[in-house]
Amino acid sequence: MNIILIGAPGSGKGTQASLLAKEYSIEHISTGDLLRNEVQLGTEVGVLAKVVMDSGGLVGDDIILRMIKDKVLSDSCKGGFILDGFPRSLSQAEGLDKILIGVNRKINKVFNFVVEDEVIIKRIAGRYFCKKCGTVYNRYFNPSCRDGEYCKCGSLEFDSRSDDNEQTVKNRLLLFKEYSDPLVEYYKKKLLLVSVDALKNPSLIFEDIKLIITNLN
Ligand code: AP5
């Protein structure tokens with residue numbers, strides 16, 4: 001099973017992708033995480049990407065499609081994958097199709113996370129994560145154990161993303177609005193798109209998605 005999660009920054013794609021990857025034992029591919037890893041390693045791609053990510057812009061298709069191709073064609077994706085944060089534009093969606101056609105694979109469903117801007121801003125402003133295990137929390141909606149004292153893994157150390165500041169979020173939202181309509185139309189025409197009410201509680205969203213996946217089989 002190969003699925004795509006699309007939606008605005010902070011709409012909850014990463015939260016659901018982690019749950020779904022565990023539930024179905026398939027690979028979770030987040031282009032944001034792949035890029036943050038490059039930044040941390042200080043690679044050439046990481047140096048280029050950091051400037052773009054800190055401004056809230058979109059990293060070039062050449063870099064993104066190369067990363068996706070490597071990942072999707074790797075052994076870890078043989079049993080299926082969830083794409084989180086990719087594709088973000090029509091050109092990326094077309095690039096993905098070319099990669100998949102080449103290996104005789106296809107996308108089974110595209111989940112479009114729908115949520116209002118005010119909620120997005122609060123979700124992003126409240127997001128933080130455990131430095132040890134990476135679990136993502138939210139100070140307003142989903143705090144770590146005992147009100148932000150410690151993570152479920154026992155660690156006391158938390159951090160937040162450098163691009164989760166007000167100005168960057170505004171730019172990320174503007175770009176999302178510019179690119180998302182053609183992307184949604186593209187998958188609608190292919191009869192792959194399902195809208196997800198991303199305002200619900202994460203466990204209810206998870207159940208909604210699982211129900212749709214069950215009906216795929
Ligand atoms: P990326 O890391 O992909 O960021 P994003 O798309 O902006 O998405 P987020 O990770 O911010 O949000 P999310 O939808 O995963 O929400 P989450 O589950 O964490 O990309 C970062 C940057 O990398 C981009 O700006 C760009 O520069 C570059 N990049 C990445 N991919 C690219 C691509 N394909 N092309 C070009 N450039 C690319 O939830 C958010 C918060 O809300 C959390 O605190 C969570 O606990 C909470 N929450 C989640 N669900 C709920 C819920 N249902 N109710 C209440 N709270 C909730």
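At a glance:
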quantity: Cleavage-rule hits, chymotrypsin sites (Phe, Trp or Tyr not before Pro), the stretch 134-201, DSSP coil, Cβ neighbours within 10 Å at most 16; calculated: TYR140, PHE141
quantity: Karplus-derived HN-Hα couplings along the stretch 106-114 (A = 6.51, B = -1.76, C = 1.60, θ = phi - 60°), whole Hz, x at Gly and Pro; calculated: 8, 8, 8, 7, 10, 9, 9, 7, 10
quantity: Efficiency of FRET from Cβ geometry, ILE101 and ILE212, R₀ 22 Å, rounded to 0.05; calculated: 0.35
quantity: The stretch 79-151: trypsin sites (Lys or Arg not before Pro) in DSSP loop, at most 11 other beta carbons within 10 Å; calculated: LYS106
quantity: Inter-label distance, nm, simple model (7 Å from Cα along the C-beta direction), LYS78/LYS131; calculated: 3.8
quantity: Net charge of Cβ neighbours under 14 Å - reference VAL39; Lys, Arg +1; Asp, Glu -1; calculated: -3
quantity: Other-chain or far-sequence residues with amide H under 5 Å of GLY10's (modelled H); calculated: none
quantity: Highest average packing first - 58-65, 19-26, Cβ atoms within 10 Å; calculated: 58-65, 19-26
quantity: In the stretch 152-197, trypsin sites (Lys or Arg not before Pro) in a DSSP loop with at most 11 other beta-carbon atoms within 10 Å; calculated: LYS152
quantity: Radius of gyration, Dmax [the chain; alpha carbons; angstrom]; calculated: 16.8, 50
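Read-outs throughout are calculated quantities, based only on the coordinates presented, and are distinct from any laboratory measurement. Keep in mind that this is a model prediction, so the values were computed, not measured. Cβ: placed from backbone, ideal geometry, glycine included. Neighbour counts: every protein chain shown.
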